[in-house]
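Beneath this line is the structure, given in structure tokens, with notes to follow.
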Amino acid sequence: MDIARDAIMVMLQVSSPVMLVGLLVGLVIALFQALTQIQEMTLTFVPKIIAIFASLMLFMPFMGRVMNDFMIRIAERIANL
């Protein structure tokens, strides 16, 4: 159970920065579309894709460090069996 709980926490830590960026960009675009009444489908996808790609580049060192620490903890648990 400890390993599963730790894996879920790592998954949330790794995915939450990118998901929050996508959520914020989507919210801003939706607000912009509601205010201007522009209903263009590409207007929603292109900025989100660019923002998510940029956030992946920005948060990749953090995400790698979190996953590396998780792997070290798992390897130590296996070694201590």
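Applying the selection to region 18-42, what residues are in contact with a Phe, Trp or Tyr (Cβ under 8 Å, 6 or more places away or on another chain) and surrounded by 15 or more Cβ atoms within 10 Å (Cβ to Cβ)? I'd like the intermediate steps shown before the answer.
Here is the first cut: in region 18-42, the residues in contact with a Phe, Trp or Tyr (Cβ under 8 Å, 6 or more places away or on another chain) are 18, 38.
Once the filter is applied, which keeps residues that are in contact with a Phe, Trp or Tyr (Cβ under 8 Å, 6 or more places away or on another chain) and surrounded by 15 or more Cβ atoms within 10 Å (Cβ to Cβ), region 18-42 yields only VAL18.
Restricting region 57-80 to residues that are aromatic (Phe, Trp, Tyr) and under 13 Å from the mean Cα position of the chain (by Cα) leaves a set whose member that is surrounded by the fewest Cβ atoms within 10 Å (Cβ to Cβ) is PHE62. Just the residues that are touching a Lys or Arg at 6+ places or on another chain (Cβ under 7 Å) and of a type outside the set (Val, Ile, Thr), please, taken from region 17-42. The answer is GLY22, GLY26. Note on region 1-17: among residues that are loosely packed, with under 12 Cβ neighbours inside 10 Å and charged (D, E, K, R), the one that is farthest from ARG73 (Cα to Cα) is ARG5. Cβ separations smaller than 6 Å between residues 6+ apart or across chains give the following pairs from region 25-48 residues that are assigned to a helix (DSSP H, G or I) to residues that are at pLDDT below 90: ILE29/THR44.
The values are calculated or read from the model by the stated rules, or taken from the named source; none is laboratory data. Computed from a predicted model, the values in this text were never measured in an experiment. Cβ sites come from the backbone with ideal geometry, for glycine too, and all protein chains shown count toward neighbours.
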